[in-house]
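No value in this document is a laboratory result; all are computed from the given coordinates. As the structure is a prediction and not an experimental result, all values here were calculated from the model. Ideal geometry is used to build each Cβ from the backbone, glycine not excepted, and the neighbour counts take in all protein chains shown.
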Amino acid sequence: MRQLPAPLEPWAAWLSLFPPDLAPAVAQLLLRLHPLVGKLSTATLERGAEPAGIGNIVRRGNYERLLMTEWVYADAEPDEFIRRAGSGELLFNGPEPALHQGALRSIALFDAGPAQLGEPRLAHLALFILLARRAEQAGAQFSWGIWHQPGILHDDAGLAGMRKLIKSRTLRVAPADTGQQWEAALGAELADCWLIGAAASDAPRQAGNRVAIRRALSGNHLHVGLQQRRDRRMLQLELPDTPTAVRLLRRPFAPVAPLGVAHHHGSRPSRAQAPRFSNGGNWICVPQLGGGAITYHVPQSAQAKPGKRRIQPAPANGPILAAGLFKHQLSFITTAGGKLRFQGFPGPLFSHRSTVCERPPLEDFQAPPGMARWLQAFYLVSRVHAQPREYVMVLDTKKRLVCWQARKVAPDAMEPEITFRHIADDVIGVQQLNDTLFFACAADNGIQLYNWHSLQPSPKKMMLLKQKGHRLLYGALRSWHQNHSGSLLAIQRSATSWWMGSHNNGETLEIDDGATVLGITRSTKNPNPGLVVVHPGRRRIELRVGHLRYELATAVEEIQQASMDAASARIAWITAKTGTVVVRAIDDDLALLQISCDGGPDEP
């Protein structure tokens, strides 16, 4: 467990028993309830015992044991003596604890009946820890029992005791004479007894401390009231969120089962290219050795179980040249014999049945066959024409964005007409979200931003950034609108210099230690946007904001390849030695998805 803040140190032994993600919720309950409990007095005399000697100096006592110096005050300064007496400043000989102090004992009785089921039991758990620590601090014995089981007391105040307390719940109402049975079982000489949850009218005579707990009619809190003799105190106890509360009541000491961790027998991921996120970040594609790929669903949380994987064998008609992941489907272009073949695209024209066309000449489309890394492919369906049109765009190795358009020349035509055209040059950044393609081109006077929506017949110029750069990364893509409001951009201006911001407002950040930049995002760790980078040691991923560095994730072995989704701010990486694939949200501590494989040699 991590180092606790100073106010929580007294309960460190108990908090360490909870998983790290549950301990903060328990700590908040302890901090709120602690003022109600107070300290256990260590000078409790047996009833009727007479002090036999001087054990210490105290401010209260019988005037027969008043210090001689105080009698001097009474004779010399009567008014001062009276003032000191009224202010509680007189000093007395205290009792001798070793001779006449009864054995210190603290007992807590918990109502496990129907009135205390659910959230009130969270307060029971916290009070158990507080009373156990209180007794330990006073050198007293702590015992506890269940209200429905008169006479049965337990002395285990650690993990076993808390497990037993959580499981001791019943739908049965306690009998009317339960209080009388406990009164007889506890004995006459008991100075510290707590009754928690049960009605005060049923309390045994020894229960000088009574805690009432009830669920609020509205809001996520409990009403907790303490009655000690004539003293009554109330507080409103805020409860943890529902998933945390449920875990504390059902399995408080078990860590979250990593549902997203799986071993895929037969998987041999390629370490030559990073895992690829789908359009929106809900799916991820892991290219495989031999030319195929496996697509995995990314759960929304670490507590959600991922769906079935989808295996794409290596194409039989040539290697994959370019690919994109749309929803759960890997869409790709293969090349062989001077032909291009389109497979797996979601529309009816570039459909699951392969669509074939001639490969453009090298001067129009630069994509050497046999590349270890697939080119980026994008897909749009036009909604502005009478006949449906589909577009597949690819960014080639010369930073040219090119497009293949498919349309039916006649309603009864069996095959679509495929045409090739050039879209833009010097494309330094491109990203798709749903049915909109965003891209940026380097120009003489800055960087021109474009978008291409399915309701537009062609790309549309947006804004011109007064910046120079040779690489652009998009961030916070879900908040983009037609005017790029809320957008984040990171522009690489030199080998080490990055500009990041929104519109033309931003700042420069130097990445001069060899770190690899994955993207730009906002995190809960800092209100300002920052760059997500792979540390040059290749063992962790960081967020860098100005001169500050925040650790986002660590890897048990060296990271070979990594990627980031601009829409969901999720990161993925594959390790160099074992080929393990990990997917994380940048602000989460647990992996959303982790896939281990059989390993095996791979290309560098």
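Here are the numbers for the structure shown:
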{"quantity": "For segment 488-604, diffusion coefficient by Stokes-Einstein and Kirkwood Rh (Cα), 37 °C, 0.692 mPa s, µm²/s", "calculated": "221 µm²/s"}
{"quantity": "Segment 139-181-segment 440-465 distance, computed between alpha-carbon centres (Å)", "calculated": "71 Å"}
{"quantity": "Extent along principal axes [Cα atoms of the chain; Å; largest to smallest]", "calculated": "115, 57, 49"}
{"quantity": "Cβ-based exposure ranking for His265, His154, His148, in which fewest neighbours within 10 Å come first", "calculated": "His265, His154, His148"}
{"quantity": "Length added when fully stretched, Glu9-Arg65, from 0.36 nm per residue minus Cα-Cα", "calculated": "16.2 nm"}
{"quantity": "Contact order relative to length of segment 57-98, as percent, for alpha carbon pairs under 8 angstrom and 6 or more apart", "calculated": "62 percent"}
{"quantity": "In segment 183-269, the GluC sites (Glu not before Pro) that fall in loop regions by DSSP, at most 13 other Cβ within 10 Å", "calculated": "Glu189"}
{"quantity": "The chain: relative contact order in percent, alpha carbon pairs under 8 Å with at least 6 residues between", "calculated": "8 percent"}
{"quantity": "Kirkwood hydrodynamic radius of segment 57-98, from inverse mean 1/r over distinct Cα pairs, in Å", "calculated": "10.5 Å"}
{"quantity": "Distant-in-sequence amide H partners of Gln432 (H built 1.01 Å from N, under 5 Å)", "calculated": "Phe438"}
{"quantity": "Coordinate range along principal axes, alpha carbons of segment 378-522, Å, largest first", "calculated": "60, 30, 27"}
{"quantity": "Segment 267-358, relative contact order [Cα under 8 Å, separation at least 6], %", "calculated": "18 percent"}
{"quantity": "The chain - mean residue ellipticity at 222 nm from DSSP helices (-39,500 (n - 2.57) per run, n ≥ 4, rounded to 500)", "calculated": "-4000 deg cm²/dmol"}
{"quantity": "Between helix 120-137 and the chain: long-axis angle, C-alpha atoms, 0 to 90°, nearest 10", "calculated": "60 degrees"}
{"quantity": "Likely footprinting exposure, Met162, Met414, Met371, fewest C-beta neighbours within 10 Å first", "calculated": "Met414, Met371, Met162"}
{"quantity": "Förster radius 51 Å - calculated FRET efficiency between Lys577 and Glu189 (Cβ-Cβ, nearest 0.05)", "calculated": "0.15"}
